[in-house]
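A short write-up of the structure that comes next.
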Amino acid sequence: MLYHLYEFNHAVISPMRTAVNANRFFLEQPWNPMRYTLPGKVTAAALEVFDRVTKHYEKPSFGISSVELPDGGRTDVTEELVHRLPFADLLHFRREKTDQSRRPNDPTVLLVAPLSGHYATLLRGTVEALLPDHEVYITDWRDAREVPLAAGRFDLEDYIDYVIDFIQHVGSEVHVIAVCQPGPAVVAATAIMASMDDPNTPTTVTLMGSPIDTRMSPTKPNELAMSKSLDWFKRNVIVNVPFPNPGVMRRVYPGFLQLTGFMTMNLERHMSAHQKLFSDLVNGDGDSAAAHRRFYDEYLAVMDLTAEYYLQTIDVVFQQHALPEGRMLHRGRKVDTSAIRNTALMTVEGELDDISGIGQTQAAHELFCNVPDHQHVDYIQPGAGHYGVFNGSRWRAEIAPRIRDFIRSNSA
């Protein structure tokens with residue numbers, strides 16, 4: 001019923017948004033004298049803000065067409081779909097071969113995007129910073145409301161299977177980077193592959209702001225997960241996808257609920273950002289308004305998660321702490337992290353991270369206990385919050401170069 005109400009509200013507001021956009025289009029025409037008056041600017045700004053806070057945001061595109069190389073040149077980039085599964089695609093950002101003699105054997109990176117409400121395009125800045133020095137692949141998780149019931153279930157164990165499948169598809173000598181939520185699944189997948197002596201076991205694993213052990217420096221999301229029973233989550237946040245979506249009747253944790261949780265954690269900051277947008281539009285500050293649009297077009301685009309995946313993640317990762325306690329199971333078999341011997345580990349945390357607190361990602365080093373000490377790297381980025389660990393100026397200037405050096409120092 002909750003999902004139906006959400007969709008109904010969007011349908012009711014839709015005619016109003018059409019009228020608002022028609023009026024804004026009229027006000028912003030160069031031939032309209034009202035465009036150049038203060039009342040006209042205020043009205044047009046108010047109409048745009050109304051439109052942006054009431055619209056439904058579609059999945060953005062990566063939009064990476066070229067990248068600057070370390071030698072100062074540029075090369076074209078083509079986004080390729082190289083492997084398709086029911087709940088995710090594997091994408092490759094293929095750089096055009098310009099002068100391979102000057103760029104031999106760039107390491108291959110598999111970037112495992114989070115499946116926690118936002119699309120993989122949230123990592124656009126992450127991909128752009130990695131592309132000059134690496135062959136980059138990324139997991140592109142599918143919105144659960146777009147997957148028909150006939151495709152079956154998708155839970156945390158399936159997620160781990162997908163990670164293993166993607167690693168094997170990319171091939172040997174792969175360097176896996178997990179951003180936030182996929183950290184436990186990537187550790188489990190690495191352990192499973194190592195225990196089977198899989199030749200495609202990752203050469204390195206980099207975990208960034210990942211909830212490996214949420215008992216360390218617990219944050220508000222961690223405390224919420226612990227304060228409610230699993231049955232409470234089933235009764236209060238799991239709903240059926242409504243018609244006419246392809247996944248009609250699939251049980252999901254809807255993206256709009258996750259977004260509401262994200263927004264309320266920093267409500268004043270988001271309200272101030274939209275107030276600033278209004279002010280920037282009135283004052284004609286186009287650059288600041290464009291930056292606001294770019295960020296919120298990404299941030300407000302959310303996807304649904306399958307109920308079984310969401311609930312199993314809450315149970316295994318946030319309530320049982322099964323991985324750090326050595327009790328995690330996959331397909332009935334224990335996930336034995338002591339089997340990991342030849343995979344170097346780097347952990348990255350943000351000093352001001354309010355999603356994954358300090359120490360939660362570092363806990364992975366205890367699990368990689370049979371990896372030599374010189375293959376362990378731990379880094380805490382001063383002044384960075386959760387988003388700043390994988391995007392923004394600190395990511396580009398401080399974190400990405402360290403990851404590049406870590407990967408190259410552990411490459412064959």
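Take the stretch 341-352 and flag every residue that is under 22 Å from Arg404 (Cα atoms) and of a type outside the set (Ser, Thr, Tyr).
From the stretch 341-352, those under 22 Å from Arg404 (Cα atoms) are 341-351; that's our starting set.
Residues satisfying the conditions are Arg341, Asn342, Ala344, Leu345, Met346, Val348, Glu349, Gly350, Glu351.
Would you please list the contacts, defined by Cβ atoms under 8 Å and residues six or more apart or on different chains, that run from a residue in the stretch 11-22 that is surrounded by 12 or more Cβ atoms within 10 Å (Cβ to Cβ) to a residue that is assigned to a helix (DSSP H, G or I) and β-branched (Val, Ile, Thr)?
So the pair list comes out as Ile13/Thr54; Met16/Thr54; Arg17/Thr54.
If you check Val136, Val127, which single one turns out to be part of a helix (DSSP H, G or I) and either closer than 28 Å to Pro199 by Cβ or modelled with pLDDT of 95 or more (or both)? Lay out the reasoning, then the answer.
On the way: Val136 fails: part of a helix (DSSP H, G or I).
Selected residue: Val127, the only one of Val136, Val127 that is part of a helix (DSSP H, G or I) and either closer than 28 Å to Pro199 by Cβ or modelled with pLDDT of 95 or more (or both).
Condition check ((1) in contact with a strand residue (DSSP E or B) (Cβ under 7 Å, 6 or more places away or on another chain); (2) acidic (Asp, Glu)) across all residues:
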{"site": "Asn23", "(1), (2)": "no, no"}
{"site": "Glu28", "(1), (2)": "no, yes"}
{"site": "Pro60", "(1), (2)": "no, no"}
{"site": "Ile64", "(1), (2)": "yes, no"}
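Please indicate, with yes or no, whether at least one residue in the stretch 91-106 is surrounded by fewer than 21 Cβ atoms within 10 Å (Cβ to Cβ) and modelled with pLDDT of 95 or more.
Scanning the stretch 91-106 turns up at least one residue that is surrounded by fewer than 21 Cβ atoms within 10 Å (Cβ to Cβ) and modelled with pLDDT of 95 or more.
For the subset of the stretch 187-226 comprising residues that are closer than 15 Å to His386 by Cα and hydroxyl-bearing (Ser, Thr, Tyr), which member is surrounded by the most Cβ atoms within 10 Å (Cβ to Cβ)?
So, considering only residues that are closer than 15 Å to His386 by Cα and hydroxyl-bearing (Ser, Thr, Tyr), the one surrounded by the most Cβ atoms within 10 Å (Cβ to Cβ) is Ser210.
Looking for something touching a Cys at 6+ places or on another chain (Cβ under 8 Å) and either more than 23 Å from Gly388 (Cβ to Cβ) or not aliphatic (A, V, I, L, M) (or both) - is there at least one such residue anywhere in the stretch 352-361?
Within the stretch 352-361, the subset touching a Cys at 6+ places or on another chain (Cβ under 8 Å) is 355-356.
Those left that are additionally either more than 23 Å from Gly388 (Cβ to Cβ) or not aliphatic (A, V, I, L, M) (or both): 356.
Yes, there is a match, as at least one residue in the stretch 352-361 is touching a Cys at 6+ places or on another chain (Cβ under 8 Å) and either more than 23 Å from Gly388 (Cβ to Cβ) or not aliphatic (A, V, I, L, M) (or both).
When both residues are 6+ apart or on different chains and their Cβ atoms are under 9 Å apart, which pairs have a first residue that lies in the stretch 243-259 and is among the hydroxyl-bearing types (Ser, Thr, Tyr), and a second that is modelled with pLDDT under 85?
Final answer for the pair search is none.
Could we say that Val42 is in contact with a Phe, Trp or Tyr (Cβ under 6 Å, 6 or more places away or on another chain) and either surrounded by 15 or more Cβ atoms within 10 Å (Cβ to Cβ) or over 30 Å from Arg404 (Cβ atoms) (or both) here? Walk me through it before giving the result.
Working: in contact with a Phe, Trp or Tyr (Cβ under 6 Å, 6 or more places away or on another chain): no; either surrounded by 15 or more Cβ atoms within 10 Å (Cβ to Cβ) or over 30 Å from Arg404 (Cβ atoms) (or both): yes.
Spelling it out, it is not the case that Val42 is in contact with a Phe, Trp or Tyr (Cβ under 6 Å, 6 or more places away or on another chain) and either surrounded by 15 or more Cβ atoms within 10 Å (Cβ to Cβ) or over 30 Å from Arg404 (Cβ atoms) (or both).
Those residues that are over 19 Å from Thr203 (Cβ atoms) and of a type in the set (D, E, K, R), I need them from the stretch 334-387; list them, please.
Lys334, Asp336, Glu349, Glu351, Asp353, Asp354, Glu366
Output the number of residues of the stretch 301-327 satisfying the condition of being crowded, with 19+ Cβ neighbours inside 10 Å and not in a helix (DSSP H, G or I).
Qualifying residue count, the stretch 301-327: 9.
Collect the residues in the stretch 380-393 that are surrounded by fewer than 18 Cβ atoms within 10 Å (Cβ to Cβ) and either modelled with pLDDT of 95 or more or on the phi < 0 side of the Ramachandran plot (or both), keeping them in residue-number order.
In the first step, residues of the stretch 380-393 are kept if they are surrounded by fewer than 18 Cβ atoms within 10 Å (Cβ to Cβ); the result is 380, 382-383, 385, 392-393.
Answer for the stretch 380-393, where residues must be surrounded by fewer than 18 Cβ atoms within 10 Å (Cβ to Cβ) and either modelled with pLDDT of 95 or more or on the phi < 0 side of the Ramachandran plot (or both): Ile380, Pro382, Gly385, Ser393.
Per-residue answers, yes or no, for (1) assigned by TED's automatic domain parsing to the domain that holds Ile167; (2) loosely packed, with under 14 Cβ neighbours inside 10 Å; (3) in contact (Cβ under 8 Å) with a residue 12 or more places away in the chain:
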| residue | (1), (2), (3) |
| --- | --- |
| Leu329 | yes, yes, no |
| Met346 | yes, no, yes |
| Ala364 | yes, no, yes |
| Leu367 | yes, no, yes |
| Asn370 | yes, yes, yes |
| Val377 | yes, no, yes |
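Hey, among the residues in the stretch 365-412 that are of a type in the set (Ser, Thr, Tyr) and in a helix (DSSP H, G or I), which one's farthest from Val127 (Cα to Cα)?
From the stretch 365-412, those of a type in the set (Ser, Thr, Tyr) are 379, 387, 393, 409, 411; that's our starting set.
Restricting the remaining residues to those that are in a helix (DSSP H, G or I) gives 387, 393, 409.
Details: Tyr387: 14, Ser393: 14, Ser409: 20 Å.
Across the stretch 365-412, the extreme among qualifying residues is Ser409.
Within the set of pairs 6+ apart or on separate chains, which have a first residue in the stretch 170-186 that is free of Cβ contacts under 8 Å to residues at least 12 places away in the same chain, a second that is surrounded by 24 or more Cβ atoms within 10 Å (Cβ to Cβ) and assigned to a helix (DSSP H, G or I), and C-beta atoms under 7 Å apart?
none
Listed here are the residues, each with its yes/no results for (1) more than 27 Å from His118 (Cα to Cα); (2) among the β-branched types (Val, Ile, Thr); (3) in contact (Cβ under 8 Å) with a residue 60 or more places away in the chain.
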| site | (1), (2), (3) |
| --- | --- |
| Asn32 | yes, no, no |
| Thr37 | yes, yes, no |
| Phe50 | no, no, no |
| Lys59 | no, no, yes |
| Ser66 | no, no, no |
| Pro70 | yes, no, yes |
| Leu81 | no, no, no |
| Arg94 | no, no, no |
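With respect to Leu122, is the statement that it is at pLDDT below 95 and in a helix (DSSP H, G or I) true? Can you show your working first?
Values: at pLDDT below 95: yes; in a helix (DSSP H, G or I): yes.
Judged against the criteria, Leu122 is a match.
Of these, Val335, Val302, Val316, which one is modelled with pLDDT under 95, of a type outside the set (Phe, Trp, Tyr) and under 25 Å from Gly152 (Cα atoms)? Spell out the reasoning first.
Working: Val335 fails: modelled with pLDDT under 95; Val316 fails: modelled with pLDDT under 95.
Sole residue among the options that is modelled with pLDDT under 95, of a type outside the set (Phe, Trp, Tyr) and under 25 Å from Gly152 (Cα atoms): Val302.
State the number of residues belonging to the stretch 182-224 that are hydrophobic (A, V, I, L, M, F, W, C) and assigned to a helix (DSSP H, G or I).
Step one: filter the stretch 182-224 for residues hydrophobic (A, V, I, L, M, F, W, C), giving 185-189, 191-194, 196, 205, 207-208, 212, 216, 224.
From what's left, assigned to a helix (DSSP H, G or I): 185-189, 191-194, 224.
Number satisfying all stated conditions: 10.
The values are calculated or read from the model by the stated rules, or taken from the named source; none is laboratory data. Since the structure is predicted, the reported quantities are computational estimates derived from the model, not experimental observations. Ideal geometry is used to build each Cβ from the backbone, glycine not excepted, and the neighbour counts take in all protein chains shown.
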